[in-house]
1. Show me, for region 256-265, the HN-Hα J-couplings you get by feeding each phi into the Karplus relation (A = 6.51, B = -1.76, C = 1.60, θ = phi - 60°), rounded to Hz, glycine and proline as x.
2. Please compute the net charge surrounding ILE256, taking Lys and Arg as +1 and Asp and Glu as -1 over other residues with Cβ under 12 Å from its Cβ.
3. Go ahead and run the numbers for FRET between THR219 and LEU248, Cβ-Cβ distance against an R0 of 22 Å, rounding to 0.05.
4. Which whole-number percentage describes the relative contact order of region 180-267, with Cα contacts under 8 Å and a sequence gap of 6 or more?
5. Within region 49-75, whose backbone N sits under 20 Å from a point 7 Å along Cα→Cβ of GLU83?
6. Under 5 Å between amide hydrogens, which residues at least 5 positions from LEU80 or on another chain qualify, with H placed 1.01 Å from N in the peptide plane?
7. Could you do me a favour and compute the accessible area per residue for region 212-269, 1.4 Å probe, result in Å²?
8. So for each of 170-176, 138-144 I average, over its residues, the number of other beta carbons within 10 Å; can you give me the resulting order with the highest mean first?
Amino acid sequence: MADIMLHTSNNSGFTCISNTFIDDFMKDANGEYVKIYLYLLRCLNREDYDFSISQLADCLDHTEKDIMRAFTYWEKVGLLRLEYSEDNELSGICLVDVNGTNSSFTSVNNAAAPAVAINAGAPTVSNIPAPFKPSYSPDELDAFKEEDEVSDLIFATQTYLGRPLSNSDTNTLLFWYDCLHMSVDLIQYLIETCLDNGHSSFHYMDTVARNWTEDGITTVEDARKSSSAHTNTVYSIKKALGIGNRDLVDSELNFIDKWVNTFGFSLDIILEACERTISATNKPSFKYTDSILTSWNRSAVKSLDDIARLDQEFTMASVAKLSDASRVKNSSFANSASASSRGKSNNKFLNFEQRQNYDFNALEKKLLGN
């Protein structure tokens, strides 16, 4: 990918992080995504800094696909806006104000540098920008509340949460209803599901809502089927790792979310990694399974055939190494033998000059006579 020129009018010499980002966005984000976002902020404070996706990937020891996944995630939650040219190439990145003020954002554009081409094979990267959350004015909020359906939705949400909604919460709720075109029933099911799973953060709910919209979930029945599929995935992974009836802890569920949503692996690939984990360790280890899947993700594995191809390449490479080692060993032995034959050994036995002229007939008569 080509370079992207990052620039800002305010080079203060330090990187400032909003408390809103820490309180509402950071806690629900993948840790690697947070690192990428913070490093992007850091790059803005470097005047005339030549930025590129490959440079960022090398710095943080990621692939370019990992970087694009992080950019897409932050775009989904409203902190980034990816700008594309007419030929669907990345032409700029806008860092949106985390406090939600639409009129203020930092432009990270590509005016002086060539456009960055999007890798068509990168998973989860869309050339269509995610819906941008508007900031409704007080008059607009009052107009929405006059609708019976919206008024009932706000009341039900406050009842679920056990507290009044803040302006930010109300803004997010109306964003689902007005921009994502989610029905009231689907929004209520979304809130119920998140609360049942221990997530009361509106930021977390907003991420789920955006994902549902992206996945084409428009009804409660669609959402239930999606939830059922997730439950089946968790059950299958537990079974493959030999985990009994206990519930998985948050860190283990986060691994599964990473494998399914970040890496985009199908269940059969994940189960293959689980089986290899048990074969290698004889115990369930999410970290070991994650190391396998991370390696496969870096190798762009998409199917079991890709895994078989990697296994074959690994076997061939191992055989080649053994063959090379054997040739080196044999060569060393031959050179040693050759050197021994050229030089006279100090071993008296080896230096003994054998007698070559024996009269075997005379020896035989002598033995018979005796």
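1. Each residue's phi maps through the Karplus curve to give 4, 4, 5, 5, 7, 8, 7, 7, x, 7 Hz.
2. The answer is -2.
3. Values: r = 28 Å, r/R0 = 1.28.
That gives a FRET efficiency of 0.20.
4. It comes to 24 percent, rounded to a whole number.
5. 49-54, 68, 71-75
6. GLU75, VAL96
7. Each residue of region 212-269 exposes 59 Å² on average to a 1.4 Å probe.
8. 170-176, 138-144
The values are calculated or read from the model by the stated rules, or taken from the named source; none is laboratory data. Just so it is clear, the structure is predicted and the values come from calculations on it, not from any experiment. Counting neighbours? That spans all protein chains shown, and the Cβs are built from the backbone with ideal geometry, glycine included. Each accessible area value is taken on the protein alone, full model and side chains, heavy atoms only, with ligands, DNA and RNA left out. Shrake-Rupley method; radii C 1.70, N 1.55, O 1.52, S 1.80 Å.
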